[in-house]
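Worksheet: one structure, shown below.
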Amino acid sequence: MSRIAIIGGHGKVALLLAPLLVEQDHTVTAVIRNPDHAAEVEAAGATPLVADVEQLDTAGLADALREHDAVVWSAGAGGGNPERTRAVDRDAAIRSMDAAAEAGVGRYVMLSYCGAGPDHGVDPETPFFHYAEAKAAADEYLRGTDLDWTILGPSGLTLEAPTGSIQVGREGSGTVSRGNVARVIAETLDANATVGRTIEFHDGPTPITEALRG
């Protein structure tokens, strides 16, 4: 049994992930910004921890993460505001990595997106550009840490029912259900073979456990 903190614990993927982790006998802390969301994360089996990661410094984040075994970053500013996107998706994400190290949490799983990176190719005139830049910076920072990291890059998210099967790689269907993303995160946390890897994926034909073996 592990103690897992999900930063962004009220997101659609996080609310699907928490019950899967509880079923695996893990203890889940859902880090949320809005106390009004506490009941919903509790219903998913997680213990709510109200903390605004945009405002907390590294020491504050370390206090929140201490005594956990793994961190899942599933937070996001939601786009639209370039300054807040940089503050959350880049700066707070990077602080959370430093905080995990400071708190002695070795395992870190970053939820990114398929196509992320310095060569993302997103038009600077589009709202998505600022998110793409922030994620590229955060992912690159994570790769340079001593954490046991995995970066997951799902393609376009859907609300379809999870199939339990995916296709790994940048090429693929272009979509993946949030339920499958939650299953990939849960499997990743238990799969040592995923440490130090960036895994992009779509809905596809290969069972998740098999697909993650690389």
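The values are calculated or read from the model by the stated rules, or taken from the named source; none is laboratory data. Keep in mind that what you see is a predicted model, and the values were worked out from it rather than measured. Positions of Cβ are generated from backbone atoms using ideal geometry, with glycine treated the same way; all protein chains shown enter the neighbour counts. Heavy atoms of the whole protein, side chains included, go into the accessibility calculation; ligands, DNA and RNA do not. Shrake-Rupley method; radii C 1.70, N 1.55, O 1.52, S 1.80 Å.
Applying the criterion of at least 3 residues that are under 27 Å from Gly79 (Cβ atoms) and touching a helix residue (DSSP H, G or I) at 6+ places or on another chain (Cβ under 8 Å) to the strands (runs of 3 or more DSSP E) found wholly in the range 118-214 leaves 148-154, 165-168, 197-203. Among the residues of the range 139-168, the one identified as surrounded by 15 or more Cβ atoms within 10 Å (Cβ to Cβ) and over 18 Å from Ile185 (Cβ atoms) is Tyr141. When the range 79-99 is filtered for residues that are more than 14 Å from the chain's Cα centre (by Cα) and either buried (at least 21 other Cβ atoms within 10 Å of the Cβ) or in a helix (DSSP H, G or I) (or both), the ones remaining, listed by number, are Pro82, Glu83, Arg84, Thr85, Arg86, Ala87, Asp91, Arg95, Asp98, Ala99.
Residue count for the range 172-192 under the criterion of being at pLDDT 95 or above and over 16 Å from the mean Cα position of the chain (by Cα): the result is 2. Here the condition is being part of a helix (DSSP H, G or I), under 17 Å from Gly8 (Cα atoms) and charged (D, E, K, R); of Asp63, Asp52, it holds for Asp63 alone.
If you check Arg66 against the conditions, is it more than 21 Å from Gly196 (Cβ to Cβ) and basic (Lys, Arg)? Before you say what the answer is, go through the steps one by one.
Working: more than 21 Å from Gly196 (Cβ to Cβ): yes; basic (Lys, Arg): yes.
Yes.
Within the range 1-36, the set of residues being in a loop (DSSP other than H, G, I, E, B) and under 18 Å from Gln55 (Cα atoms) comprises Gly8, Gly9, His10, Arg33, Asn34.
Using the structure shown, decide if Arg178 is touching a residue at least 60 places away in the same chain (Cβ under 8 Å) and either touching a Gly at 6+ places or on another chain (Cβ under 8 Å) or of a type in the set (Lys, Arg) (or both). Full working, then the answer.
Values: touching a residue at least 60 places away in the same chain (Cβ under 8 Å): yes; either touching a Gly at 6+ places or on another chain (Cβ under 8 Å) or of a type in the set (Lys, Arg) (or both): yes.
Here the answer is yes, as Arg178 does meet what is asked.
Scan the range 68-90 and report the pairs whose first residue is hydroxyl-bearing (Ser, Thr, Tyr) and whose second residue is assigned to a helix (DSSP H, G or I) and crowded, with 17+ Cβ neighbours inside 10 Å, with Cβ atoms within less than 7 Å and a gap of 6+ or a chain change. Sorted first by the residue in the range 68-90, then by its partner, the pairs are Ser74/Val13; Ser74/Ala14; Thr85/His130; Thr85/Tyr131; Thr85/Ala134. If you go through the range 1-44 and keep only what is among the small types (Gly, Ala, Ser) and over 21 Å from Tyr108 (Cα atoms), you end up with Ala38, Ala39, Ala43, Ala44.
Could you tell me whether any residue of the range 9-24 is open to solvent by 60 Å² or more (accessible area, probe 1.4 Å), farther than 24 Å from Leu159 by Cα and without any contact (Cβ under 8 Å) to a residue 40 or more places away in the chain? Let's see the steps before the verdict.
Here is the first cut: in the range 9-24, the residues open to solvent by 60 Å² or more (accessible area, probe 1.4 Å) are 12, 16, 23-24.
Cutting the leftovers down to farther than 24 Å from Leu159 by Cα gives us none.
Within the range 9-24, not a single residue is open to solvent by 60 Å² or more (accessible area, probe 1.4 Å), farther than 24 Å from Leu159 by Cα and without any contact (Cβ under 8 Å) to a residue 40 or more places away in the chain.
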